[in-house]
Amino acid sequence: AVPGAPPAVTPGVSQRTKDIEQSHLCVGTPAYPQAHGDRHAMYVLNTILGGSMSSRLFQHIREERGLAYSVFSSVNSFLDSGNLLVYAATSPESGREVVGLILEEFRKLKEGPVGERELQMARDHLKGSLMLSLESSSSRMSNLARQEFYYGRQFTVNEILAGIDGVTAEGLLDLSHEIFDSSSCTLAVLGQTTGLGMENVELAF
């Protein structure tokens, strides 16, 4: 058992000024702990949002608009809590626009179900990444140890693949409504912040 309650989320904007060329942005929301029953849906959602080069964030912010040097999302799951994090490195002047585009992608994922083609691409990407990871002995051993620690058992590859294939567009829509909640969204900014108004960014979607 884990002593105490899971860490509480403090929504809002946190800034730290540093004399560097880029602005580093992190937008985060709470997500599921490691052993949650809907973890596969969480991984698929992350892949669609920003977990690959064909993801929405990468295509819309970096490729189409050229606003970010780097942009991606990740799921970080622990024993009693988790988070979904979007990171972007951009010019200070583009920071507010990039944050707005990130929040827009959150909103779009809540507005309607993901298309079947996009969903299948995300499933295939996850399954391909899994199979590639099994070619490394160290990754395989780390994965087995992680399963033993979090679940008290080891999953077969077929079980994991079936979990990924079982994710539906309707399930992702329900998950998006649960995860993407303005009342628990946070923004952290590192870089040149003076006069850019980042403290007034409205984290609403």
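The values are calculated or read from the model by the stated rules, or taken from the named source; none is laboratory data. Predicted model, so just to flag it, every value in this text is computed and none were measured. Please note: Cβ atoms are built from the backbone with ideal geometry, for glycine as well, and neighbour counts cover all protein chains shown. SASA here: full protein model, heavy atoms, side chains in, ligands and nucleic acids out. Shrake-Rupley method; radii C 1.70, N 1.55, O 1.52, S 1.80 Å.
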Task: Pair residue 78, residue 107: separation of 7 Å Cα→Cβ label points (nm) - done: 3.2
- [ ] Under 1.5 on a/c is rounded, so check that first for the range 1-94, then, if it is not, pick prolate when a/b is larger than b/c and oblate when it is not; a ≥ b ≥ c are the square roots of the alpha carbon gyration tensor eigenvalues.
- [x] oblate
TODO: Leaving ligands, DNA and RNA out of it, rank 96, 56 by accessible area with a 1.4 Å probe, largest first.
DONE: 96, 56
Task: Among 138, 7, 115 - extreme Cα towards positive end, dipole of the chain, charges at beta-carbon - done: 138
Task: lysines with Cα under 21 Å of residue 18, excluding same-chain neighbours fewer than 8 positions away - done: none
Open item on the list: Once you compute Rg and the Kirkwood Rh from C-alpha atoms, what is the Rg to Rh ratio for the chain?
Closed with: 0.98
Task: Candidates 77, 182, 133, ranked by Gaussian network fluctuation over the chain, Cα under 10 Å, top entry - done: 133
TODO: Ignoring everything but the protein chains, give the 1.4 Å probe accessible area of residue 14 in square angstrom, nearest 10.
DONE: 70
TODO: Name the shape class, rounded, prolate or oblate, that the alpha-carbon gyration tensor gives for the range 87-205, where a ≥ b ≥ c are the square roots of its eigenvalues, rounded holds for a/c under 1.5, and otherwise prolate holds if a/b is larger than b/c and oblate otherwise.
DONE: prolate
Open item on the list: With a cut-off of 8 Å between alpha carbons and a minimum separation of six or more residues, what is the relative contact order of the chain in percent?
Closed with: 38
TODO: Taking only protein heavy atoms into account and a 1.4 Å probe, give the accessible area per residue of the chain in Å².
DONE: 53
TODO: In a Gaussian network model over the chain where Cα atoms closer than 10 Å are linked, find which of 149, 106, 78 has the largest mean-square fluctuation.
DONE: 149
Task: Largest to smallest accessible area among 36, 177 [probe 1.4 Å] - done: 177, 36
Open item on the list: Suppose accessible area is computed on protein heavy atoms with a 1.4 Å probe; arrange 38, 174, 80 from highest to lowest.
Closed with: 174, 38, 80
- [ ] Quick one: pull the percent of accessible area on the range 159-205 belonging to carbon and sulfur, 1.4 Å probe, ligands and nucleic acids left out.
- [x] 51
Open item on the list: Only Cα pairs within less than 10 Å get springs; with that Gaussian network setup on the chain, which residue of 123, 107, 153 has the largest fluctuation?
Closed with: 153
Task: Cα gyration tensor, the range 64-118 - rounded (a/c under 1.5), prolate or oblate - done: oblate
